[in-house]
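None of the figures in this text is laboratory data; all of them are computed from the coordinates on show. This structure is a prediction, so every number in the text was calculated from the model and none was measured. Methodologically, a virtual Cβ is constructed for each residue, glycine included, from the backbone with ideal geometry; neighbour enumeration extends over all protein chains shown.
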Amino acid sequence: MKANKRNNLLIIKYIIIIIFSILILISFIFLITTKYIEYKEKKDYESLADYIVNNENQGIFMDGSQAKAKDKAEKILKLEELNNQYKDVVAWLEIPGTSINYPVVQAQDNVYYLDHTYKKTYSSRGSIFLDKDVSFEKPSDNFLIYGHRSKSGTMFEGLLEYENEGFYQEHKIINFSTLQEDSEYEILAVFRSRVYNKSDTNVFRYYFFINAENESEYNNFILNSKKASLYDTGVNASYGEQLLTLSTCAYHTEDGRFVVVAKKIKY
């Protein structure tokens with residue numbers, strides 16, 4: 001009886017070891033697969049960015065302004081090509097000198113692209129996407145854009161660098177291209193925030209501001225953004241100037257957010 005009991009215990013022990021070994025193997029395969037998919041996504045975005053943005057035209061017979069104008073026109077044409085293939089791609093966002101260089105998508109809700117790429121394949125990193133209520137036709141007063149953070153440094157992870165004023169000093173300009181125009185925006189405020197409860201009062205819900213009902217509402221958004229800013233950029237905005245707001249998660253508080261607000265540069 002004792003021998004049988006001992007044998008049974010050994011069998012159970014071996015079964016447990018086998019099960020744990022299988023679980024470890026599955027976990028390892030899952031990790032490798034996840035890393036491979038992440039690597040492929042990163043390379044896809046880098047290749048796309050190289051085609052859309054980084055292929056600058058250095059015309060031999062053009063002065064600087066002519067070459068820049070040609071680059072802008074070609075960039076919009078390439079963006080149109082991308083839009084013809086992937087209808088939800090409506091813009092391109094680039095912060096020169098950083099890893100942020102991505103297509104911007106827009107859906108009929110603010111949920112789908114939380115876990116899908118611009119190709120509509122599943123991804124835990126999601127996409128950089130425009131708020132569903134933003135319009136280019138009017139256009140909206142504020143182009144509100146969301147993006148996840150990723151430990152791999154992709155998506156809006158690099159946005160947190162703006163906590164450092166020194167980083168801001170070297171990266172003040174954001175390039176934002178739509179199917180209509182290629183524009184530059186200068187950063188006016190950088191701040192930490194959060195998603196507030198409905199019951200919270202006297203709080204700055206920056207994520208509700210897309211279209212100003214009047215000049216006062218516009219000015220209040222700018223005032224609150226400047227007041228919340230981690231440092232003074234010396235840049236302000238007047239009613240009617242086009243705004244761009246980038247928003248990502250932050251962990252300084254529950255439901256935290258990190259926000260960068262910029263205004264369109266007029267030439």
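Structural remarks
- Distance histogram for the chain (every C-alpha pair counted, 10 angstrom bins, percent rounded to whole numbers): 6, 25, 31, 18, 8, 5, 4, 2, 1, 0
- Listed peptides 227-237, 148-158, 126-136 by packing density, highest first (mean Cβ within 10 Å): 126-136, 148-158, 227-237
- Cα-based radius of gyration for the range 178-267, normalised by 2.2 N^0.38 Å, reads 1.12.
- In this rough spin-label picture, where each label sits 7 Å from Cα along the Cβ direction, the Lys151-Lys227 distance is 3.8 nm.
- Using R0 = 25 Å, the C-beta based FRET efficiency linking Glu181 and Ser238 works out to 0.80.
- Around the amide H of Ala189, modelled in the peptide plane, lie the amide H atoms of Val261, all under 5 Å away and 5 or more residues distant in sequence or on another chain.
- Rounded FRET efficiency, nearest 0.05, which uses the C-beta distance separating Phe167 from His252 and R0 of 22 Å: 0.80
- Contact order for the chain, expressed relative to its length and based on alpha carbon pairs under 8 Å spaced 6+ residues apart, stands at 16 percent.
- Of all DSSP-defined beta bridges confined to the chain, some 85% are antiparallel rather than parallel.
- Think of the chain as having a plus end and a minus end, set by charges on the Cβ of Lys, Arg, Asp and Glu; of Ala49, Ser216, Asn197, Asn197 sits farthest toward the positive end of this dipole.
- Helix axis angle, 215-228 relative to the chain longest principal axis, alpha carbon, degrees: 50
- In Hz, Karplus ³J(HN,Hα) per residue of the range 181-191 (6.51, -1.76, 1.60; θ = phi - 60°; x = Gly, Pro): 7, 10, 10, 10, 10, 9, 6, 10, 7, 9, 8
- Acute angle (nearest 10 degrees) that the helix 2-52 long axis makes with the longest principal axis of the chain, alpha-carbon atoms: 20
- Nearest-0.05 FRET efficiency for Lys70 and Ser47, computed from C-beta distance (R0 22 Å): 0.50
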